[in-house]
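The values are calculated or read from the model by the stated rules, or taken from the named source; none is laboratory data. Note that the structure is predicted; figures quoted are calculated from it, not measured. Cβ atoms come from the backbone with ideal geometry, glycine included; neighbour counts cover every protein chain shown. These area figures cover heavy atoms from the full protein model, side chains too; ligands, DNA and RNA do not enter into them. Shrake-Rupley method; radii C 1.70, N 1.55, O 1.52, S 1.80 Å.
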Amino acid sequence: MFLAWNEIKKNKLRFTLIIGVLMLVSYLVFFLSGLANGLQNMNRESVDKWEATSIVLTEESDKSMSQSSITLDKVNDIDAKEMAVIGQINAVAGTGDQKSNVSIFGINKDEFIMPKVTEGDVFSNDNEVIASDALKEEGFEIGDELRLSSSDEVLTIVGFTDKARFNAAPVLYGDLATFQRVKFGEAAEANKESINGVVVRTDDTSAISQNDSLESIEIETFIRSLPGYTEQSLTLNFMIYFLFGISAVIVAIFLYVLTVQKISMFGVMKAQGISNGYLSRSVIAQTFLLAAIGVAVGFGLALLTGAFLPSAVPVAFDLITMLIYGLVLIVVAIMGAVFSVLTIVRIDPLKAIGG
């Protein structure tokens, strides 16, 4: 460590360049991890709030809630500790000047998927809804009357709730009758028994339903089946994994070039009796210091960037994930130093000093 640190102090510019490259790579890794986490949250926030174990949809819906249609009497075929019925439809809601894609949830407010109201009141009359605070950030307010793209119904915002987006769209929570009027219009009375699914909490997920037309889907499976969710996650995660490999290659190239430039010096040190083990440990320690400083600066810059980004950018940093990625970056950087260590071990002192 003594030799490694003194060499860094005497060659500040050279090693600052290496730290700068590692800082940029780690900054990109941390930012992409925040972006991946933010996009995942946009898709699953409202589902996570259920704290449910499974959702029951029709077997032919292919795990899509919007494509599932069942009647309230089918709830009797479901065996679970807690159950909550849900209707869901997508729409574009607007006040004239403002428009936004929304997902409308029809629920019973005395069941466990009822969200906690953070501002305003709970819906209690026809066509009243609680809105996701994502709509509040877009400029919508309590009392706004929302006209819908697929219905003549007009909904009134009476409250807001936090963390309520489904498949990237802010959620509007209303009662089942409101949902049915929006979905079926004049035929709402004839379809008053129609819902999309049943959210359940139970200890035994294998015996939720014996009805062959219904399918019990675990919540994580349901989330991974949301359109675009898995594709987004895989794409960003692959980019992060490639950056780990790129980081190792960059460090290997830099340190190898530095080692080649110092072959004669290493030859003299080995001729003086300094062992391969000591020189190898010095290179490893030097790499650890460079990687740790670069990763720490990248970590701080990523958090600083996140603090100034507008709310429209879906970045959400998970500190535990970032710490794991930081450790991985340091480890792969040390792995990149192995080529330099092998080069040092193979140095013949006589040839290196021209003897």
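Annotations
- From the options K49, K74, residue that is among the basic types (K, R) and modelled with pLDDT of 90 or more: K49
- When D348 is tested against (1) open to solvent by 30 Å² or more (accessible area, probe 1.4 Å); (2) within 30 Å of N167 (Cα to Cα); (3) touching a residue at least 40 places away in the same chain (Cβ under 8 Å), only condition (2) is not met.
- Filter result for V341 (assigned to a helix (DSSP H, G or I), at pLDDT 85 or above and in contact with a Gly (Cβ under 6 Å, 6 or more places away or on another chain)): no
One line per residue, one yes/no per condition, for (1) crowded, with 16+ Cβ neighbours inside 10 Å; (2) under 22 Å from E51 (Cβ atoms):
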{"residue": "V117", "(1), (2)": "yes, yes"}
{"residue": "G120", "(1), (2)": "yes, no"}
{"residue": "S132", "(1), (2)": "yes, yes"}
{"residue": "E138", "(1), (2)": "no, no"}
{"residue": "I142", "(1), (2)": "no, no"}
{"residue": "R147", "(1), (2)": "yes, no"}
{"residue": "E153", "(1), (2)": "yes, no"}
{"residue": "A177", "(1), (2)": "no, no"}
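- Wholly enclosed strands (runs of 3 or more DSSP E) of region 149-261 bearing at least 1 residues farther than 19 Å from F112 by Cβ: 154-161, 169-175, 214-218
- The selection criterion, being closer than 22 Å to L155 by Cβ, surrounded by fewer than 20 Cβ atoms within 10 Å (Cβ to Cβ), touching a residue at least 24 places away in the same chain (Cβ under 8 Å) and in contact with a strand residue (DSSP E or B) (Cβ under 9 Å, 6 or more places away or on another chain), does not hold for S225.
- In region 208-264, the residues that are out of contact with any Asp or Glu (no Cβ under 8 Å at 6 or more places or on another chain) and of a type in the set (D, E): E218, E220, E231
- Count - residues of region 290-319 that are over 20 Å from N41 (Cβ atoms) and surrounded by 13 or more Cβ atoms within 10 Å (Cβ to Cβ): 12
- Residues located in region 63-97, provided they are without any contact (Cβ under 8 Å) to a residue 12 or more places away in the chain and among the charged types (D, E, K, R): D97
- Of the residues making up region 247-272, those that are within 10 Å of P349 (Cα to Cα) and open to solvent by less than 60 Å² (accessible area, probe 1.4 Å) are I263, F266, G267, M269, K270.
- Answer from S233, S206 - the residue that is among the hydroxyl-bearing types (S, T, Y), open to solvent by 10 Å² or more (accessible area, probe 1.4 Å) and touching a residue at least 60 places away in the same chain (Cβ under 8 Å): S233
- Residue within region 66-73 that is of a type in the set (A, V, I, L, M), open to solvent by 50 Å² or more (accessible area, probe 1.4 Å) and assigned to a strand (DSSP E or B) present: no
- Enumeration of residues in region 87-98 that are open to solvent by 10 Å² or more (accessible area, probe 1.4 Å), of a type outside the set (A, V, I, L, M) and at pLDDT 90 or above: N90
- Comparison of D126, D121 shows that the only residue that is over 19 Å from G87 (Cα atoms) and of a type outside the set (S, T, N, Q) is D121.
- Within region 17-65, restricting attention to residues that are open to solvent by 40 Å² or more (accessible area, probe 1.4 Å) and either charged (D, E, K, R) or not in a helix (DSSP H, G or I) (or both), the residue that is nearest to S213 (Cα to Cα) is E59.
- Across region 264-284, not a single residue is classified as in contact (Cβ under 8 Å) with a residue 60 or more places away in the chain, within 16 Å of I330 (Cα to Cα) and under 34 Å from the mean Cα position of the chain (by Cα).
- Residue satisfying all of: in region 99-115; free of Cβ contacts under 8 Å to residues at least 60 places away in the same chain and closer than 20 Å to N196 by Cα; surrounded by the most Cβ atoms within 10 Å (Cβ to Cβ) among these: M114
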